[in-house]
1. Please state which one of VAL57, VAL28, VAL45, VAL66 is surrounded by 14 or more Cβ atoms within 10 Å (Cβ to Cβ), over 25 Å from GLY162 (Cα atoms) and modelled with pLDDT of 85 or more.
2. Out of segment 8-25, which residues are assigned to a loop (DSSP other than H, G, I, E, B) and open to solvent by less than 50 Å² (accessible area, probe 1.4 Å)?
3. Look at segment 156-171 and say how many of its residues are at pLDDT 90 or above and either in contact with a Phe, Trp or Tyr (Cβ under 6 Å, 6 or more places away or on another chain) or open to solvent by 40 Å² or more (accessible area, probe 1.4 Å) (or both).
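The values are calculated or read from the model by the stated rules, or taken from the named source; none is laboratory data. Just so you know, these numbers come straight off a predicted model, no measurement behind them. Every residue, glycine as well, gets a Cβ built from its backbone with ideal geometry; the counts of neighbours run over all protein chains shown. The accessibility values were calculated without ligands, DNA or RNA, using every heavy atom of the protein model including side chains. Shrake-Rupley method; radii C 1.70, N 1.55, O 1.52, S 1.80 Å.
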Amino acid sequence: VDYRDMEAIDPSYYKSLEWILENDITDVFEETFSFEVDDFGQHRVIDLIPNGHDVLVTEENKAEYVRLVTEQRLYRAIKDQINAFLGGFLDVIPKDLIQIFNEQELELLISGMPDIDVDDWRNNTEYHGGYNSSSAQIQWFWRAVRSYDQEERAKLLQFVTGTSKVPLEGFAHLQGNQSVQKFQIHKDFASPTRLPTAHTCFNQLDLPLYDSFETLKANLLLAISECSTGFGFV
């Protein structure tokens, strides 16, 4: 698991982990390599490493702390439930038949290819950061979406929202982390050579200021094909 997987589960905790990694925590962070849990009213402290409650998190070891605390929350705390589910799932579908697929491909295989109405999608999209429906990059974006086949559109939707499924009521009822959250496109002021990135819990696409339709279309297609987590790269 990766700490960025936390964004879809607990956005505020994800931001805390991101802050730890991006800032100098010397004299401002007083945590240890331990994790507090509440099991039905019973308070427990779990060590992330041997005697972790006695080991302070420092600037030098903070990356290891973030890795371990993410692993604890997203895997170790629920590993019994995960293993039980996997046992039943693999009784139905043998592992050697599905191990060639990643999680996005497996969802499409199980759920089938969605029928995506581009007009409904476009009519229920919000623009932020200086973009509006008349911006050149927005016009190019929808031109690119219309040029994609259904599989590529499904991958784009999956890249930005975390799922390829469209609500039965249409894009006006697209779900975010806690409630209805429309599809959003934000202006990314970083380098125009950067790939588009996404924040799945907010259904948010960060789109750089590309200078041509061809560049936008190619970079968007590369992002949805290669960056399955929604986080792009330079």
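1. Result: VAL57 is the single residue among VAL57, VAL28, VAL45, VAL66 that is surrounded by 14 or more Cβ atoms within 10 Å (Cβ to Cβ), over 25 Å from GLY162 (Cα atoms) and modelled with pLDDT of 85 or more.
2. If the condition is that a residue be assigned to a loop (DSSP other than H, G, I, E, B) and open to solvent by less than 50 Å² (accessible area, probe 1.4 Å), then ASP10, ILE25 are the ones that fit.
3. Of the residues in segment 156-171, 1 are at pLDDT 90 or above and either in contact with a Phe, Trp or Tyr (Cβ under 6 Å, 6 or more places away or on another chain) or open to solvent by 40 Å² or more (accessible area, probe 1.4 Å) (or both).
Every residue, every condition in (1) touching a residue at least 24 places away in the same chain (Cβ under 8 Å); (2) open to solvent by 60 Å² or more (accessible area, probe 1.4 Å); (3) assigned to a helix (DSSP H, G or I), yes or no:
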position	(1), (2), (3)
ASP38	no, yes, no
THR70	yes, no, yes
ILE78	no, yes, yes
ALA84	no, yes, yes
GLY87	no, no, yes
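Table: residues versus (1) buried (at least 17 other Cβ atoms within 10 Å of the Cβ); (2) outside any helix (DSSP H, G or I); (3) modelled with pLDDT of 95 or more; (4) polar (S, T, N, Q).
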{"position": "PRO192", "(1), (2), (3), (4)": "no, yes, no, no"}
{"position": "CYS201", "(1), (2), (3), (4)": "yes, no, no, no"}
{"position": "LEU207", "(1), (2), (3), (4)": "yes, yes, yes, no"}
{"position": "LEU216", "(1), (2), (3), (4)": "yes, no, yes, no"}
{"position": "ALA223", "(1), (2), (3), (4)": "yes, no, no, no"}
{"position": "PHE233", "(1), (2), (3), (4)": "no, yes, no, no"}
